[in-house]
Each structure stands twice: as C-alpha cells, then as structure tokens.
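Here the structure comes first, spelled out in structure tokens, and everything after it is commentary.
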Amino acid sequence: MQNSETLTIGVTVLVSFLSYCFGINPALEFLLWAITLDIFIGVLASFINPRLYFNSRKMFRGIAKKIILLSIVAFSHQLDQLMHTDIICLTTTYYFIINEGLSCLENAGKCNIKLPKIIQTSLEQLKGLADYENKNR
C-alpha cells in the first residue's frame, strides 16, 4: 500500500511540474502525438527498408533533438506567461507540429509507401535546400 501511495504522489508531482512548464492546450497534445508518431514510423522504417538499419546512436540523437524541441516549447510557454500572451507558445508549437508532420511523411516514404507526387516533390526540394545549407556552413 505504501509503494502505490508513493508512486501516486510521484506521478502527481511530475504531472504538475510538466503542466507548469508547458501549460495544457490542444496544440501541445497534438505535438506530443506527432513526436510519438514520428519516432514510431522512424523505427518501423528502419526495419521495413532494407537500405536502412536500426541505429541506436542515431535514434538517441533524434530523441535528444525531441527533448530540445520540447524545451523550446516550454521556454516559449514561460515567455507567454511573463508577457501575458498566448501567441509565442502557439506559434512555436504550430511550427514544430508542421516540422514533425513533414518528418512523418519523410519516414513514411522511407517505408516505401507511395506518397502523392506533389508531396514527394516538395519533400525532395526541402531536403535539397537542407543539404545545400549544410554544405555552406
């Protein structure tokens, strides 16, 4: 009985802290689902596509990036609290939702799922831009 009460208190403290850091809004919930979906599809792509392989180091870097992403969302929420607005956190969250959605589409393409031509072309153009920027750094 003592262990379940301790666990309940620990979970309550953790959820309260996260609620303080991030706030609760539908956009954040959607972002969390998008992050989860992106990780899940990425892992599946590594098993489905024979050209890819499961790399725990690469996955760890991806998860570290997601943690940084969530830290930026928490920071933007705290800025909103400081300035008594809602626009900074919502804008940041929507940006990352779009980014995660594009990543999900890219991972779906790696699973050999046929994407509509316009989406496939757009993803290739975005990847070309990213490669170009990385070479010029």
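What follows draws every value from the coordinates through simple rules; no lab data is involved. A quick note: this is a predicted structure, and the numbers were derived from the prediction, not measured. When we count neighbours, we look across all protein chains shown, and the Cβ atoms used for this are built from the backbone with ideal geometry, even at glycine.
Just grab the label-to-label distance for Ile72 and Phe40, each label 7 Å out from Cα along the Cβ direction, in nm (one decimal).
It is 2.4 nm.
Could you identify which residue out of Ala34, Ala108, Ala64 has the top mean-square fluctuation in a GNM of the chain using Cα springs shorter than 10 Å?
Comparing Ala34, Ala108, Ala64 in the GNM, the peak value goes to Ala64.
Would you work out the charge dipole size for the chain about its Cα centre, treating the Cβ of every Lys and Arg as +1 and the Cβ of every Asp and Glu as -1, and quote it to the nearest 20 debye?
In debye, rounded to 20, the chain gives about 780.
Taking the chain as the reference, fit the longest principal axis to its C-alpha atoms, fit the long axis of helix 56-83 to the helix C-alpha atoms, and give the angle between the two in degrees, 0 to 90, nearest 10.
On a 0 to 90 degree scale, this one is about 50.
Can you find, among Phe75, Ala45, Ile35, the residue sitting farthest towards the positive end of the charge dipole of the range 1-122, where Lys and Arg contribute +1 and Asp and Glu -1 at Cβ?
Ala45
Quick check on my link table: of Lys65/Lys117; Lys58/Lys127; Lys66/Lys114, which ones sit more than 25 Å apart, alpha carbon to alpha carbon?
Exceeds cut-off: Lys65/Lys117; Lys66/Lys114.
Pairing the Cα long axis of helix 26-48 with the longest principal axis of the chain, what angle in degrees results, from 0 to 90 and rounded to the nearest 10?
Around 40 degrees separate the two axes.
If you split all Cα-Cα distances of the range 1-59 into 10 Å bins from zero, what percentages do you get per bin, shortest first?
Going from the shortest bin to the longest, the percentages are 19, 27, 25, 24, 6, 0.
Going by alpha carbons, how many degrees (0 to 90, nearest 10) lie between the helix axis of 87-110 and the longest principal axis of the chain?
40 degrees
Which one, (1) 48, 26, 23; (2) 44, 32, 27; (3) 52, 42, 30, gives Cα extents along the principal axes in Å as derived from the coordinates shown?
Matching the structure shown: (3).
In the chain, which longest range has no chymotrypsin sites (Phe, Trp or Tyr not before Pro) that are both DSSP loop (not H, G, I, E or B) and surrounded by at most 16 other Cβ atoms within 10 Å?
55-137
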